[in-house]
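Note sheet for the following structure.
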Amino acid sequence: MARDAGNLAVAADGAGLSPAQFDAVRRLMHRTTGIDLVPGKESLVRSRLAPRLRLLGLSDVGSYLDYLDRDASGAELAQMVDLITTNKTSFFREPEHFDVLQRDILPPMAAAGRVPRIWSAGCSSGEEAYTAAIVARETLPTVALPARILATDVSTRVLQRAREASYRDQDLIDVPPAVVRRHFTRVPGQAGRRRISDATRALVRFARLNLVVDWPMHGPFDVIFCRNVMIYFNRPTQQRLIRRFAALLAPGGWLFVGHSESLTALEHPLRYVQPAVYRRAP
Ligand SMILES: C[S@@+](CC[C@H](N)C(=O)[O-])C[C@H]1O[C@@H](n2cnc3c(N)ncnc32)[C@H](O)[C@@H]1O
């Protein structure tokens with residue numbers, strides 16, 4: 001990375017981010033997370049870094065890049081990743097996927113005496129993984145362990161929220177009231193918040209994992225959710241990731257991507273099932 005980018009003789013724009021500084025942040029984010037901050041994302045970078053700069057008493061992004069450079073621990077880089085990643089998510093987002101889970105995946109696996117292994121890759125604050133856990137328990141109410149769910153993200157900030165499992169009442173707007181009653185409990189001393197019940201939480205394990213580096217787990221997974229994550233990556237990164245997901249799927253395993261993330265332009269061995277749903281050959 002051009003660590004001296006802050007000193008380049010390029011005029012910073014009004015809010016303190018020169019093209020060279022944007023480029024330095026862009027390359028650093030790409031190298032670290034695969035996220036491709038395309039031109040046009042300057043205001044996002046500015047607004048997301050501004051509170052951190054204020055906290056550190058730094059006047060501009062150039063000084064922040066120098067600060068990052070001096071931090072050998074990598075902690076500040078993790079902070080920057082936390083700030084710049086987009087973590088928008090919700091319970092029962094793109095609900096057709098959970099219909100497929102409920103109808104086509106969980107019952108046949110239970111009938112075969114198998115516990116599905118599910119991976120929520122890029123899980124943000126946990127809503128996707130907990131939705132899968134809720135659906136698993138609702139679909140197979142008499143099965144003690146209806147699914148094992150691994151949920152991973154590169155951002156430590158969202159993982160902390162996911163582990164806390166405490167959500168505002170307005171975050172549960174898409175969860176049917178009866179389901180809220182069965183899977184959430186009131187948080188003592190915190191009005192307007194509910195926590196995922198212990199039994200539902202027990203199905204999910206969270207871990208920090210960067211999708212663009214080596215993965216410690218070998219699978220196979222029966223289901224991989226990687227939704228609204230690849231949209232931030234460039235084509236070569238998406239291509240590599242899809243191949244790695246396909247290799248980690250069990251025969252007959254399912255991959256769910258976000259509805260705006262078609263795989264049509266990518267090479268992969270998976271069969272198209274329905275929009276944003278793919279399956280490995282049995
Ligand atoms: C928009 S959220 C999507 C959350 C959820 N999958 C959904 O669809 O609601 C994207 C998540 O991907 C994560 N992410 C981005 N780059 C990543 C990487 N290289 N490795 C792991 N997670 C990453 C971000 O931190 C963020 O939480």
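Residue by residue, here is whether (1) surrounded by 16 or more Cβ atoms within 10 Å (Cβ to Cβ); (2) touching a Leu at 6+ places or on another chain (Cβ under 8 Å); (3) outside any loop (DSSP other than H, G, I, E, B) holds:
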residue: Asp222; (1), (2), (3): yes, yes, yes
residue: Leu241; (1), (2), (3): yes, yes, yes
residue: Val273; (1), (2), (3): no, no, yes
residue: Ala281; (1), (2), (3): no, no, no
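Note on the stretch 250-263: residues that are free of Cβ contacts under 8 Å to residues at least 40 places away in the same chain, in contact with a Lys or Arg (Cβ under 9 Å, 6 or more places away or on another chain) and within 15 Å of the ligand (Cβ to nearest atom) total 3.
The residue pairs whose first member lies in the stretch 32-50 and is within 20 Å of Asp153 (Cβ to Cβ) and of a type in the set (D, E, K, R), whose second member is within 15 Å of the ligand (Cβ to nearest atom) and not in a helix (DSSP H, G or I), and whose beta carbons are closer than 8 Å, counting only pairs six or more residues apart or on different chains, are Asp36/Phe233; Asp36/Asn234.
With a requirement of 3 or more residues that are within 16 Å of the ligand (Cβ to nearest atom), the helices (runs of 4 or more DSSP H) lying completely within the stretch 51-120 that satisfy it span 75-84, 96-100. Within the stretch 210-249, if we keep just the residues that are farther than 23 Å from Glu164 by Cα and polar (S, T, N, Q), the residue that is nearest to the ligand (Cβ to nearest atom) turns out to be Thr237.
Take the conditions more than 23 Å from the chain's Cα centre (by Cα) and surrounded by 15 or more Cβ atoms within 10 Å (Cβ to Cβ) and apply them to Val187. Does it pass? Break it down into steps so the answer makes sense when it comes.
On the way: more than 23 Å from the chain's Cα centre (by Cα): yes; surrounded by 15 or more Cβ atoms within 10 Å (Cβ to Cβ): yes.
Here the answer is yes, as Val187 does meet what is asked.
Being assigned by TED's automatic domain parsing to the domain that holds His218 and within 19 Å of the chain's Cα centre (by Cα) holds for only one residue in Arg48, Arg117, Arg103, and it is Arg117. With respect to Arg117, determine if the residue is among the basic types (Lys, Arg) and touching a residue at least 40 places away in the same chain (Cβ under 8 Å). For Arg117, the condition - among the basic types (Lys, Arg) and touching a residue at least 40 places away in the same chain (Cβ under 8 Å) - is met. Applying the set (1) part of a loop (DSSP other than H, G, I, E, B); (2) within 16 Å of the ligand (Cβ to nearest atom) to Ala207 leaves exactly one unmet item: (1).
The values are calculated or read from the model by the stated rules, or taken from the named source; none is laboratory data. This structure is a prediction, so every number in the text was calculated from the model and none was measured. Positions of Cβ are generated from backbone atoms using ideal geometry, with glycine treated the same way; all protein chains shown enter the neighbour counts.
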